[in-house]
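Below is one structure, written out as structure tokens; comments come after it.
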Amino acid sequence: ATGHTLRGTFAHFWQVNGGLERFGYPLTEEIIEPDSVTGKPRVVQYFERARFEYFPEFAGTINEVQLGLLGVAILNRFGIDWQTLERVTEAPPECLYFEATGHSLCPPFRARWEQLGGLPLLGQPISQPFETFNPETGQPYTVQYFERARFEYHPEYAGTPSEVLLGLLGREILTRWEGP
């Protein structure tokens, strides 16, 4: 569908962690980019909803492939430091509260977060839900950012699997990519 391949460790990670529904199609081949922390070269591959990062120092462990912090990266592209966003100090009983980020996770996003891998695959919430507008349709919808994802609530699809969608952050990073 995109003309790109998926192989080896990345293919295995993709298959066992949700595949097409969770990550979307590959948008690049494996490429080398500087690690965001160390600056050292790192093998990565972009997908519609994620960036896989290879950590050879963790070969054979669950940390060999990790997901990039695309939620953080997209907010940074918009000039938003998530750590300066308004925080909450507690959450209602039907929600989860993340003291480390000062944000809560409530329905309808909570169930989808749990279904798609929770903390290891999506990270902690780095914003509270807020309303924004779809640039293609002009329609309002609610979003919430996580370290590795953005959830989008579409009430027009209530009761269907499309009610809460994952944002296409991998695609957004690539369309705004300024290179290493």
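Quick notes
- Phi angles of segment 28-42 translate, via the Karplus equation with coefficients 6.51, -1.76, 1.60 and θ = phi - 60°, into HN-Hα couplings of 9, 7, 5, 10, 10, 10, x, 4, 5, 9, 9, x, 6, x, 9 Hz per residue; Gly and Pro are given as x.
- For the chain, the normalised intensity computed at q = 0.09, 0.10, 0.12, 0.17 Å⁻¹ comes to -0.32, -0.40, -0.58, -1.17 (log10 of I(q)/I(0), Debye sum over alpha carbons, equal scatterers, no solvent).
- Global form of segment 120-167, assessed from the alpha-carbon gyration tensor, a/c cut-off 1.5: oblate
- Heavy-atom accessible surface of segment 1-107: percent carbon and sulfur, 1.4 Å: 54
- Accessible area per residue for segment 63-180, computed on protein heavy atoms with a 1.4 Å probe, is 54 Å².
- Sparse-neighbourhood loop sites, trypsin sites (Lys or Arg not before Pro) in segment 1-85 - DSSP loop, at most 12 other Cβ within 10 angstrom: ARG7
- Long-range amide H partners of PHE47 with built H, under 5 Å: LEU27, PHE52
- Once the C-beta distance of THR160 and ALA1 is scaled by a Förster radius of 22 Å, the resulting FRET efficiency is 0.50 to the nearest 0.05.
- Computed from backbone phi with θ = phi - 60° and the Karplus coefficients 6.51, -1.76 and 1.60, the 3J(HN,Hα) list for segment 95-110 is 10, 10, 10, 10, 4, 4, 10, x, 10, 10, 10, 10, x, x, 5, 4 Hz; x is used for glycine and proline.
- 1.4 Å probe accessible area per residue over segment 1-48, in Å²: 56
The values are calculated or read from the model by the stated rules, or taken from the named source; none is laboratory data. Just so it is clear, the structure is predicted and the values come from calculations on it, not from any experiment. Reconstructed Cβ throughout: ideal geometry from the backbone, glycine too, with neighbour counts over all protein chains shown. Just so you know, the surface numbers come from the protein's heavy atoms only, side chains and all, with ligands and any DNA or RNA stripped out. Shrake-Rupley method; radii C 1.70, N 1.55, O 1.52, S 1.80 Å.
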